[in-house]
Structure formats: C-alpha cells, structure tokens
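Working notes, structure below.
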Amino acid sequence: MAPFSSGKRGKKLKMTSRVKEVENDEQRNHMVFAYYITGHGSDHATRVVDVLCHLSISSPSSMWMDRAGEATLAANLVVRHLVAAGHDVHVVTGAPDFVFTTEIQSPNLHIRKVLLDCGAVQADALTVDRLASLEKYHQTAVVPRASILEAEVEWLNSIKADLVVSDVVPVACRAAADAGIRSVCVTNFSWDFIYAEYVMAAGHHHRSIVWQIAEDYSHCEFLLRLPGYCPMPAFQDVIDVPLVVRRLHKSRLEVRKELGIGNDVKVVIFNFGGQPAGWKLKLEWLPDGWLCLVCGASDNQELPPNFVKLAKDVYTPDLIAASDCMLGKIGYGTFSEALAYKLPFIFVRRDYFNEEPFLRNMLEYYQGGVEMIRRDLLTGHWTPYLERALTLRPCYEGGINGGEEAACILQDTATGKKYASDKLSGARRLRDAIVLGYQLQRAPGRDIGVPDWYSLAENKVRLRPELPDTEMNGNASLVESCIENFEILHGELHGLSDTVAFLESLSELYGGSDVKDPGKRQSREWSAAAALFNWEEEIYVARAPGRLDVMGGIADYSGSLVLQMPIREACHVAVQKNHPSRQKLWKHAQARQQAKGQGPIPVLQIVSFGSELSNRAPTFDMDLSDLMDGEHPISYQKAHEYFARDPSQKWAAYIAGTILVLMTELGVRFADSICILVSSAVPEGKGVSSSAAVEVATMSAIAAAHGLNIDPRDLALLCQKAENYIVGAPCGVMDQMTSACGEANKLLAMVCQPAEVKELVTIPTHIRFWGFDSGIRHCVGGTDYGSVRIGTFMGRQMIKAAASNLLSQSLASVSTPQQGDGVNSDEFEEHGMELLKAESSLNYLCNLSPHRYEAVYAKNLPECIAGEGFIDKYTDHNDTVTVIDPKCAYAVKAPTKHPIYENFRVMAFKALLTAAKTDEQLSALGELMYQCHYSYNDCGIGSDGTDRLVNLVQEMQHRRSSNGQNSSLFGAKITGGGSGGSVCVIGKNCIRSSEEILEIQRRYKAATGYLPLIFEGSSPGAGKFGYLRLRRRVSSADGNMKQEA
C-alpha cells in the first residue's frame, strides 16, 4: 500500500494509488475509534457519518475504488465493508440516533449519548446567543471538567481505543492525552476562534474559557482541515482534505417522481440545518409554478398547499439534487452539498457565528450564493431572490471525497503511521494570537497554496486596505484624473489624498468598465453601490476622522477635561436625495413597494464598503415611513428594537439613526428618498472611534444635502444620541466632538459637561503622538465598559447620598459623635456647608477634587456592590444609557476614583504641554499617561495586549536610560473605552523615536504573531472639512464639456 505524501503544514495531501494487494491484507489489525462530536447542530454529525462510512471502504475485503456512479450502493457498501473491516467505532454525541443508524446499521457502531460541549446556543434558527453560549459552555464543560476528564480517561481505557477523533470537542483531545492515546481533529473551525468574539460581549471573566479550549486543542496530534476553514492556530499540524459530502442515493428524476413533482415545477428546498424555524409560511410567498420543500417543520405546523413538509429523518442530499435552489442558513452541511451538487443557495446570515464568512466567501467565489435580507425572508419577499438564483451557474469542480481521504488517514494513524511534524507550535501560537480576543492577522499569499476564497475572506474579516498618504504634496494630475467625471460645485479637497481616493471610487462606480481592480466588479457591495446613485443628480460628500485618545478616556462621561487628536484615518460618506419616482431601487425593494401597492414612496438605501469586516451585510434599505408613527417619529426605543432584530444589519443603526435623530430633535421631515454610500478607513474595534466617524460624516452629508446648517458641536451631540439611544452603546461625547470639531495637528481640549470646547491646543513641534493597535477587539457596547460605567455612576450616587447625610447632620448642629454612613459629622463641620451642598447635588464626579474625595468619601465607598443591594438602598444610579442588572456585582471604588484623578491628570498634562522643551517635560507627560493606564487596569478594563505594548515602551525607555542615552519615547496608555483597542504613545518628534516605534511593532509581532497597526498623523474634523457638492460631467457631441441638467 503506497503511503500518502506527508507535506508540511497546510500542504494538501494527494491520494496515491491504492494497489489491489489490500485484498490480501487479511492480517490488518482490528481497531477501535472513539469519535467525539460537538453538541452544535447536525452538520458535524452528518459529516462524521460520511467519515465513518468510509472507514469501512479501506477494509480488508474492499478495493480502493472510484466511487463515481456507485452512489446508490453507498449505504450497502458502507455497512458491508465496516463489518468486514472489523473496526469498532464508538460515537460520543448528543445527536439523535437516526443521524447515524439511517446510514450505518452494524453491531460495530456504538453510540454513547454524552454531551461534553454545547457549541453555540441558538435562540432560533438564525440567532446565536453569545452570552448564553459562554454560560452554557461554562456549566457543561468547565464546572464539571475534572469529573469529565476522569470519566473519559477511564472510558477510553475501558474500550481500548486506538485513536480519538474529535469534531471538534475540546476536552476530547485533553482526555486522549491523559489516557496516552493519539488524537486527531476533523473540522473547518474550532471553538476558540468562535468564542473569542463572544468574549467581547461577555466580559473578561469568560476569557479563561477561550484559553482552556485552546490548550485542549494543542494536545491534538494534527488537524484534518476541511475547505471553508477559519484560522485555527491552536493545532500543531494541518492536513487539508476535500469537501466531506454525503453521497446521492437517488437521481433527480427518481426523487421528483416519488414526490409527485413534475419536471416543469420549480423547487426550492427550505433548509435551516434541522433547526425548526417556527415561521408562518404563506401561499403568496412563492411565485406561480414554484414548490417549497420544508425541512425541520414541527409536527403541528400547518403549511400552505405549495409548501411540502418533509420527514425529520429525510435524506437531504437527494432532495437537494432534485431542487432548483435552496433557501437557508449557511452551515457546513448545506454549504458543502450546495457546492458539490451545484445548487444555487439563497442564504440568510446568522448572527455572531464566525465560521460563516469563510463558508460564504467560498460559496460566492464559486458563484453559488445569493444573500437574502432577513426582513425579506420573514415578510415573504422571496420572488426576486428566487429569480436571481435561477440565473446562477455554480462552478465548483473540487474534490468531494473528503470522507474517504479522512477515513484513510485516520485508519493509518490508528495503526501507528506518523503524519505530524516535530514542530510543536500550537499552544504558543494560540496563546499569543487568539486567547483574550485577539483577531488573527496574516499577509495574503504568505502560505503556499492558500485558496483564493480564503484570502478573500481574510481580507474582508481581518485586514484593512492600505491607506494612502493624507497629504497629496501638490499632485494636481492625480486630482484631475480622480475627479474627471465630476465638477466640484462647493467645497475643497483640503489637500487630502484619501478624499481624492474616495472621489476616484465614485468615478469608477460611474465608469463601470474602467474599474482598476477587477475584483471590485465582482463584489456585491460594489455592484450595489454602482446601482445606488442617479448620476444626473447632485451628490454631497462629507468626511470625518477617527480620534486618538491622548488623555481623558472613559472619564468623559464623568465630566472630565479630555485631550483628543483627530487621526489621519477617516470615514467618507456620499449622500444623494431623489424624488421617489426617480429613485433607482434594488429588486427586493421594488418587490416590497409593489406588494404595498402604494406607488413610489421615500426609501433609504445604504451601501457600506468594507462592511464584511464584522461579518455583516453590505447593504441596507428601508422605507422612510418605517421611522414614523403616524405624524410623529418613532421613539428611540422602538428604533433600537427595529435595528436589533437582524444583527447582521444592526450596523445600519449608526447611519439611519442619524436620520431619526434629525427628525426627532430638529423636526426635519424627509419627503425624498435618500441614498448613502459609506467608505471608512477607520478600523473597527481598535478604540479609535470608528462609530463616531461614521455618525458624524453621515449626519454632515445628510445635513448638507438637505440644506441644514448645524453647528459642529450641536451635530456631535446629536450623533451621540444616535449611538446612545438607537445603537445602544453607552459612550460619552468626546468621540463625536473630536470627529466633528477637531483640527489637524491639534488636541481638542474639551470639558465633557456635556461638551464645552475649551481650546484647540497646538501640539508642540518637538512632541509626537502615535497609536498602536493591540489586535484585541474593543467594543464600547461590551460588558466590561458598561459595568465600569455603571459602577462609576453608583459611586457618584453614594457620594451624593453621603454628602446629603453630612449636610443634614451639620444643619442639625449635632455636636456629639453620631454614626451616619460610618462618618462622624463633627469631623467635617470645618469643611463648610457650601461644599457639602455642592457635593450633595454633584452632577459630574470630576467636579470633586482628589483631596476632597480622599478626605471625606474614599474610605466609605465599597470595593464592589451587588446590583440588587444598590437598588434597594439607592433606587437608581441616574444614568440614562445604562441599566443595572440586579444579579450582577459591580466594582465601585476603582471606577469612582478613576475619573476624579484622571481629570486632575489631564489638567496637569495640558499645562505641561506649554512648558519648557526639556526631557523633564516629556518625562512628566509620559508619567501621567502611565498613571492613567494603570488606573484603567484597576477598573478592570485593561488587556494583556495593551499591557504588553505599554511594557515594550517602558523597556525601550529604560534601556536607553540605563545605557546613558537620551530616551525618545516617554509614556504610553490604553485609550478610549479600554478592554483592548489601541495604546497612545508619546515621544520626541525625531527619526530615532520613529525607529523605536517600528522596533516595538516588530517585537510585538514576534511575541504574539500579530503585526499591530500604527496610527500616526492627523487630519481635520468634519466641521473644518465642510462638504463637497458634486455634479457629474458629460461630453457633448462636439467634445466640449457641459453640465447635464
């Protein structure tokens, strides 16, 4: 028997010819496999069936044969060869028995019903509950971990297992190692990668789950990696295998004949992975001449006559082959079978499942996918998607015998063959790359043989495009070439090359065939954007930058002075308004309006370039009437619920929310349709206010298009309302203020009470600021940020109550020591009643001085308090954008202390900026930043990545000092909302400091595998930029340029 070629990591193994001498291999050892299957969904179980089936085909009595044309005999062959092979396979699963027994009927198949993980908890067929997933995993796999390991080791030894196979139960790999048994994983994703994203919403106390899963996987000998795979750095070695696909038992004609369906009937299979959707399906949802086969319908669900309920144990591959398209969610089973049998797939995105973008991009790469908006799925606007699916020509020609290849490798491994290399990299790589929420980063083309669909997916979900230099250095020809299709009727470019690049994109959208990058023409967002605008009408463009939090950070919502720098990276938004009768509509929007029978009505259509960065839909549309409740705008709460219904489109709340705010706060009414194109170079989750940049740019462009003159400060406050109340993120106002009011190379000095700009502080020429992205995704809406904010407002309420109590005692002229909240009132009479009056009505914590806090209130604040206990005593914390969870415990003392001291640090920092240009000045500024950083950590919103970057700056600083050299870098701190994101660094404006910044970047990558982005440079805020009003140029017959009316 010829062996497989054992390539390096990621190198695909090719099947060598199997000589027929296997017929004489009667002495082959009997083997015992322990096959663990994750508790998530049915896809894992069904692909395991295929692998198990093919374990038998390598049996002593079988040939290694081409199975083309043998599909109808597959079941018999599987059973016969598995029995002949004599292998025992013990499946450890929570899946129903019929998933296995339908395909395999043999005494050698043993099913052990044990659930050792829970996968992703799904609230319904499309919604993953992130918090519930982590909580259930904690209860299922973490709390009983010791007993699970003990039981599994004992059981593995009792069955005398030769090999443990996991798809992809983490603890199975560790149990195998403890039992001294080799283990292999078979999968396209791993749970550490999936859960790493959930940790952002759940809070730092769940991060240990990700690390434990990573450590478990690191005990696996190698990974059999399936197409459509995610990054999985925990595994030591990787072998790629083809798609694992269940074989057809019957032909298309046979299935249709059994079901009584004529060949002229169009059939769509409604398949949401075996998870009953429970939706009420209606007759009119299907066009005439269509029939829908419904998988997973409940027993009591009533269906219209053009919908057919299928049995729960129906063999789906045969039905797929008999259908014209499929409508469902993307899971490995539906994805692989749609590709293998070239079936157009209309898919609806799932929420918060990170496997999906990699499967989706492979599906679309092979021209097999059409995305349906969830709203259209639930309201029955199916026709335009069904018609689009029929035009697709899926073209996947890759292998679909992954079950056979995997089975051979598993069998050879069980008999002692070595596939893994000696390189043990998994645990270290995962510890530094994904644990604690790292986003993986790789350079496209770094690995040999990386498929195109994988690079496309990684570019969308991990990397940002290269940003051009902000300043154009007078390159007039570049400007002319980029805007040759447009005449600028108002505004100026301000020498910003990113604005020129955006205008070039608009020109390419209009030009179509002149697009420089052919890949753009193939992307759905580019196609949607090209059909977005009426090129005969004017377009308005606004620009708003992100911001680097130099000092102030989370103290903004406590009224602190903050110092913020607008960064080079910015968001551009193009807006056009059109009369509804002239508005170009996407097909599904047309279908929706036709169904209402009202004629043309105002709509909102949005395209977001780069929207796939966070696995969300690239387009959004709605009727503007949906923002009205009779004669009045809907409430912010209703709007929040509206956008939260479909998390894959929740991003639109940042954009559409600005429209509702204008309607609610300024009484604006929109009679025209609105088209919006968003293109942002401000990376998300890096702590540099990507959301504020989108909001400010959007509202600025909408205001310009509708003739609204809004002061930049007022615009920032309006944008904050959109984020607080419609998006539901409890941010302060400094982000929007910087994006709207900032100026290039200046720090915006602002007192957040609520938004008073003190001055624009010019950055001294000898000082420079940089930002480092830690790679740990930051989220203002995450639990850590919200909990700290709640604790801060709790502390303020406690201080106010204590001050009121002391004031009452003082007014009563109590002269003898009495206990009031543990404080003797006599001690405080000298402080004066005026101070107590002010403190009893304290609006902002930052109006309390540090010495007053320490002298009077600090010793009586609890370190933490239960939500229920606080509510019982104080009723409410008086914060309109957060809600106390009675069951949660909240830190109080550290979050209360931080803004009081931070306000003092920021004031000192601002004063020092104008001091003499000495190293002592820089050292003092740096020390204030270090103090801020460690105060964040005390609050519980630090992170390993940001700590590592700050430590690298300190090492660089101290190394030079110890060598008698002058330092170039002097301080660093975590920025913004914390819990990851970016670090701000201060140093001298010189070549040596730039070299040290690059050295820190290299060292961070060497330690973590992640190359951090560096933010440097500054640019003007939206107010300074203003807006551009554009009109398309056209050529007249005589070659002269004229405006087209």
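The values are calculated or read from the model by the stated rules, or taken from the named source; none is laboratory data. As the structure is a prediction and not an experimental result, all values here were calculated from the model. Neighbour counts are summed over all protein chains in view; Cβ atoms, including those assigned to glycine, are modelled from backbone coordinates with ideal geometry. Each accessible area value is taken on the protein alone, full model and side chains, heavy atoms only, with ligands, DNA and RNA left out. Shrake-Rupley method; radii C 1.70, N 1.55, O 1.52, S 1.80 Å.
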Accessible-area value, residue 792, 1.4 Å probe, nucleic acids and ligands omitted, Å²:
0 Å²
How far apart, in nm, are the 7 Å Cα→Cβ label points at residue 537 and residue 911?
5.6 nm
What distance in nm separates the two pseudo spin-label positions at residue 951 and residue 805, each 7 Å out from Cα along the beta-carbon direction?
4.2 nm
Say R0 is 35 Å: what FRET efficiency, to the nearest 0.05, do residue 873 and residue 601 get from their beta-carbon distance?
0.10
In whole Hz and in residue order, list the ³J(HN,Hα) couplings for the stretch 932-946 that follow from phi through the Karplus curve 6.51 cos²θ - 1.76 cosθ + 1.60, θ = phi - 60°; x for Gly and Pro.
4, 4, 6, 5, 4, 4, 4, 6, x, 10, x, 7, 4, x, 5
Which of 342/650; 282/596; 136/160; 721/1005; 686/1024 exceed 27 Å between C-alpha atoms? The answer is 342/650; 136/160; 721/1005
Once you have a ≥ b ≥ c as the square roots of the Cα gyration tensor eigenvalues for the stretch 252-399, tell me rounded if a/c is under 1.5, and otherwise prolate or oblate according to whether a/b is larger than b/c.
rounded
Give me a comma-separated list of calculated 3J(HN,Hα) values for the stretch 580-595, in order, Karplus coefficients 6.51, -1.76, 1.60 applied at θ = phi - 60°, integers in Hz, x for any Gly or Pro.
x, 6, 9, 6, 7, 10, 5, 4, 5, 5, 4, 4, 5, 5, 4, 5
R0 of 25 Å, Cβ-Cβ distance residue 631-residue 579: FRET efficiency to nearest 0.05
0.70
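State the percentage of accessible surface on the stretch 252-399 attributable to carbon and sulfur atoms; use a 1.4 Å probe and exclude ligands, DNA and RNA.
Percent of accessible area from carbon and sulfur atoms in the stretch 252-399: 51.
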Protection-proxy order for peptides 404-417, 910-923, each taking the mean of Cβ atoms within 10 Å per residue, highest first
404-417, 910-923
So for each of 488-501, 1020-1033 I average, over its residues, the number of other beta carbons within 10 Å; can you give me the resulting order with the highest mean first?
1020-1033, 488-501
Result for the stretch 252-399: accessible area per residue, probe 1.4 angstrom, in square angstrom, of 38 Å²
Distance between Cα centroids, the stretch 1007-1034 to the stretch 563-610: provide it in whole Å.
22 Å
Probe 1.4 Å, all protein chains in place: accessible area of residue 418 in Å², nearest 10?
140 Å²
Just the number please: accessible area per residue for the stretch 906-1045, 1.4 Å probe, all protein chains included, in Å².
41 Å²
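Of the listed peptides 211-220, 385-394, what is their order by residue-averaged count of other C-beta atoms within 10 Å, with the highest listed first?
211-220, 385-394
First measure r as the distance between the Cβ atoms of residue 834 and residue 257, then evaluate 1/(1 + (r/R0)^6) with R0 = 56 Å and state the FRET efficiency to the nearest 0.05.
Once rounded, the FRET efficiency stands at 0.05.
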Sparsely packed trypsin sites (Lys or Arg not before Pro) within the stretch 150-226, loop by DSSP, other Cβ within 10 Å at most 16
160
With charges only on Cβ, +1 for K and R and -1 for D and E, what is the dipole size of the stretch 252-399 about its Cα centre, in debye, rounded to 20?
180 debye
Net lengthening on full extension, residue 301/residue 766 (0.36 nm per residue, minus Cα-Cα):
160.1 nm
Which listed residue (390, 297, 372) has the Cα farthest towards the positive end of the charge dipole for the stretch 252-399, taking +1 on Lys and Arg C-beta and -1 on Asp and Glu C-beta about the Cα centre?
372
Let me know the shape class of the stretch 716-786, please: from the alpha-carbon gyration tensor, a ≥ b ≥ c as square roots of the eigenvalues, rounded when a/c is under 1.5, otherwise prolate if a/b is greater than b/c, or oblate.
oblate
